[in-house]
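Trainee: A single structure is presented below for examination.
The values are calculated or read from the model by the stated rules, or taken from the named source; none is laboratory data. These numbers come from a predicted model, not from an experiment. Reconstructed Cβ throughout: ideal geometry from the backbone, glycine too, with neighbour counts over all protein chains shown.
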Amino acid sequence: MSRRKHAVLAALVALGSVASGAELSRDQVVQALTAESADFNGKDLSDLDLSGLDLRRASFRGTSLFGTKLVSADLRGADLAGANLNGAWLMGADFTGAQLREASLLSVVVLGGTVRKMPTFKGANLRGTKIIADLPGADLSGADLGQARIGVNIKNQGMGQMRTDLTGANLSGVNLEGADLNRSLLAFANLRGSNLRGANLFRARLAGADLGGADVAGADFTEADLAGTILRGATGLAEAKGLEHAENLDRALR
């Protein structure tokens, strides 16, 4: 999603262009799920209790500027494995314990005028998921992001690099083994006790991030910004890659 499109979306929300109520009830959603496929593209499902539902056959793609609205929706424990949530509006949505493995969350919207209410992914299964989103301060503690593709895909971003922003996010205890986090914004993120084995952190911004107790064996820190990064207590540093080519390693706390 371009920066201009983000600006237009923010303006629409600020002007009150987002519908205040859901178009469907939970019962209507459940009924729609009995069909071979359920199309919720562009629908407003804000504030709905969708917890525990099997949504694997549902589609939530955005259409033009108008993404599917899941604003403050309760999706705790829901199964969205392989779901397409590209362009969806996720402000305040609760994905605690949800199944999102191999799902796609590209250019999701989490802003509303001057208000930013992050979705919650605490304990969610995001294994192999594709994510390009602004999620500063979001709670992903205990989530499984193994093999997730969170970094910049140069081939698919010819109009400029859109980075995943996890600045100040809670990533404590997260599994990021083998995840691609290249060029991601992780400044001041809480990565305590996380599994970063084999993760790609090329050019990631880790300034001020806390990696205390994290396992970084095989992680690639080439050209990552480590100014003020807490590496004290991290394990596997001897097996980490690219530390000699990281930026500001002398300013990391070890």
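Trainee: Somewhere in segment 62-69, is a residue part of a loop (DSSP other than H, G, I, E, B), hydrophobic (A, V, I, L, M, F, W, C) and out of contact with any helix residue (DSSP H, G or I) (no Cβ under 8 Å at 6 or more places or on another chain)?
Mentor: no
Trainee: Then there's this: Going through segment 27-42 one residue at a time, which ones are among the β-branched types (Val, Ile, Thr) and assigned to a loop (DSSP other than H, G, I, E, B)?
Mentor: Passing the criteria: only Thr34.
Trainee: Given the residues Thr222, Thr167, which is the only one that is surrounded by 17 or more Cβ atoms within 10 Å (Cβ to Cβ), touching a helix residue (DSSP H, G or I) at 6+ places or on another chain (Cβ under 8 Å), of a type in the set (Ser, Thr, Tyr) and part of a loop (DSSP other than H, G, I, E, B)?
Mentor: Within the list Thr222, Thr167, the selection yields Thr222.
Trainee: Which residue, of Arg127, Arg76, is under 23 Å from Leu171 (Cβ atoms), modelled with pLDDT of 95 or more, out of contact with any Ser or Thr (no Cβ under 8 Å at 6 or more places or on another chain) and not small (Gly, Ala, Ser)?
Mentor: Of the residues listed, the single one that is under 23 Å from Leu171 (Cβ atoms), modelled with pLDDT of 95 or more, out of contact with any Ser or Thr (no Cβ under 8 Å at 6 or more places or on another chain) and not small (Gly, Ala, Ser) is Arg127.
Quick grid of which residues meet (1) assigned to a strand (DSSP E or B); (2) in contact with a Ser or Thr (Cβ under 8 Å, 6 or more places away or on another chain); (3) of a type in the set (D, E, K, R); (4) more than 15 Å from Asp144 (Cα to Cα):
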{"position": "Gly178", "(1), (2), (3), (4)": "no, no, no, no"}
{"position": "Gly193", "(1), (2), (3), (4)": "no, yes, no, no"}
{"position": "Arg197", "(1), (2), (3), (4)": "no, no, yes, no"}
{"position": "Phe202", "(1), (2), (3), (4)": "no, yes, no, yes"}
{"position": "Gly212", "(1), (2), (3), (4)": "no, no, no, yes"}
{"position": "Gly233", "(1), (2), (3), (4)": "no, no, no, yes"}
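Trainee: Sticking with this one: Looking at (1) modelled with pLDDT of 90 or more; (2) closer than 15 Å to Ala88 by Cβ, which is the one condition that is false for Ala32?
Mentor: In the conditions (1) modelled with pLDDT of 90 or more; (2) closer than 15 Å to Ala88 by Cβ, Ala32 misses (2) alone.
Trainee: I've got another one for you. Check off (1) among the small types (Gly, Ala, Ser); (2) surrounded by 21 or more Cβ atoms within 10 Å (Cβ to Cβ); (3) under 18 Å from the mean Cα position of the chain (by Cα) for Ala246 and give me the number that stays unchecked.
Mentor: Going through the list (1) among the small types (Gly, Ala, Ser); (2) surrounded by 21 or more Cβ atoms within 10 Å (Cβ to Cβ); (3) under 18 Å from the mean Cα position of the chain (by Cα), Ala246 breaks only (3).
Trainee: Another question, if that's okay. Hey, could you check segment 27-70 for residues that are of a type in the set (D, E, K, R) and out of contact with any Ser or Thr (no Cβ under 9 Å at 6 or more places or on another chain) and say which is surrounded by the fewest Cβ atoms within 10 Å (Cβ to Cβ)?
Mentor: Glu36
Trainee: Now a separate question. Any chance segment 43-61 includes a residue that's part of a strand (DSSP E or B), farther than 23 Å from Arg163 by Cα and of a type in the set (Gly, Ala, Ser)?
Mentor: yes
Trainee: Name the residues in segment 206-216 that are under 9 Å from Thr235 (Cα atoms) and surrounded by 18 or more Cβ atoms within 10 Å (Cβ to Cβ), would you?
Mentor: Ala214, Asp215, Val216
Trainee: While we're on this one: Of all residues in segment 83-102, which are closer than 20 Å to Ser37 by Cα and either among the aromatic types (Phe, Trp, Tyr) or at pLDDT below 95 (or both)?
Mentor: Ala83, Asn84, Leu85, Asn86, Gly87, Ala88 - these are the residues of segment 83-102 that are closer than 20 Å to Ser37 by Cα and either among the aromatic types (Phe, Trp, Tyr) or at pLDDT below 95 (or both).
Trainee: Also: Hey, any hits in segment 134-146 for a residue that's without any contact (Cβ under 8 Å) to a residue 12 or more places away in the chain and out of contact with any strand residue (DSSP E or B) (no Cβ under 8 Å at 6 or more places or on another chain)?
Mentor: no
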